[in-house]
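Here is the structure we will look at.
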Amino acid sequence: IQADLRIAGLDMRKLMRAIEANFERLPGAECSIEVDPRCLEAGRLAELAALGFNRISIGVQDFDRAVQEAIHRVQSEEETRRAVEEARAHGFVSVNFDLIYGLPKQTLNGFGATLDKVLDLSPDRIALYSYAHLPSVFKPQRRINDADMPAGEQKLQLLTLAIGRLTRAGYLYIGMDHFARPNDDLAVAQRQGR
């Protein structure tokens, strides 16, 4: 089950009742939710845990303030840390971070600092996505200055930096842009060939 907190006016209790009325939730089922720490109300993760959510994905993108301003998504490390701590306190068994490389104004030093902060927060999984700059398709991207975009070689260096840092820190490269701690269910499934 995946849900997103940004669905305006949606009562999560009603949503879960509707899902459970139509689908059987097996014991040990993964129920995942993606949150934006910038609009995560205090106590919300306790409510979601009580509804059966046990995995959480947190959009980070990059902690570099210049990058955040360029993509119009300013989010502090403290907001992210609070979300991680609250998730762990309420029994979420897996915390995932979404990172993006190839963003405007991204540099090797800046992304290296982001990776330091990510490793300090110790998520169980990391999704490392390549930014696709398609302003003709995605209207919000039209606000991004094309001159701020990293060149292809620099984008490859950002990816190489991240892969090296994450694997040296003990994360396993799962494939399809994903990394996981060796004891995470995703890494275990990869070892078992399932």
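The values are calculated or read from the model by the stated rules, or taken from the named source; none is laboratory data. Nothing here was measured: the structure is a model prediction, and the numbers come from that model. All Cβ positions, glycine included, derive from the backbone under ideal geometry; neighbour counts span all protein chains shown. With ligands, DNA and RNA removed, areas are computed over all heavy atoms of the protein, side chains included. Shrake-Rupley method; radii C 1.70, N 1.55, O 1.52, S 1.80 Å.
Evaluate the stretch 91-100: report whether one residue or more is assigned to a helix (DSSP H, G or I) and open to solvent by 50 Å² or more (accessible area, probe 1.4 Å). No: zero hits. Hey, can you tell me all the residues within the stretch 43-70 that are touching an Asp or Glu at 6+ places or on another chain (Cβ under 8 Å), outside any helix (DSSP H, G or I) and of a type outside the set (Lys, Arg)? Matches in the stretch 43-70: Asn54, Ile56, Ser57, Ile58, Gly59, Val60, Gln61, Phe63.
Does the stretch 165-175 include one or more residues that are among the aliphatic types (A, V, I, L, M), assigned to a loop (DSSP other than H, G, I, E, B) and over 19 Å from Glu77 (Cβ atoms)? No, the stretch 165-175 contains no residue that is among the aliphatic types (A, V, I, L, M), assigned to a loop (DSSP other than H, G, I, E, B) and over 19 Å from Glu77 (Cβ atoms). The set of residues from the stretch 4-25 being in a loop (DSSP other than H, G, I, E, B) and either open to solvent by less than 20 Å² (accessible area, probe 1.4 Å) or at pLDDT 90 or above (or both) comprises Phe23, Glu24.
Among the residues of the stretch 177-193, those identified as more than 20 Å from Asp98 (Cα to Cα) and of a type in the set (Gly, Ala, Ser) are Ala189, Gly193.
Taking the conditions exactly as written (touching a His at 6+ places or on another chain (Cβ under 8 Å) and either open to solvent by 50 Å² or more (accessible area, probe 1.4 Å) or part of a strand (DSSP E or B) (or both)), does Ala127 satisfy them or not?
yes
If the condition is being over 18 Å from Asp120 (Cα atoms) and not aliphatic (A, V, I, L, M), then the stretch 163-177 contributes Tyr173, Gly175, Asp177. Number of residues in the stretch 48-81 that are out of contact with any helix residue (DSSP H, G or I) (no Cβ under 7 Å at 6 or more places or on another chain) and of a type in the set (D, E, K, R) equals 5.
A single member of Asp62, Asp36 is crowded, with 18+ Cβ neighbours inside 10 Å, acidic (Asp, Glu) and at pLDDT 90 or above, and it is Asp62. Considering (1) open to solvent by less than 50 Å² (accessible area, probe 1.4 Å); (2) assigned to a loop (DSSP other than H, G, I, E, B), the lone condition that Ala132 does not fulfil carries the number (1). As a summary of the residue check, Arg82 satisfies the conditions (1) charged (D, E, K, R); (2) in a helix (DSSP H, G or I); (3) surrounded by 18 or more Cβ atoms within 10 Å (Cβ to Cβ) except for the one numbered (3).
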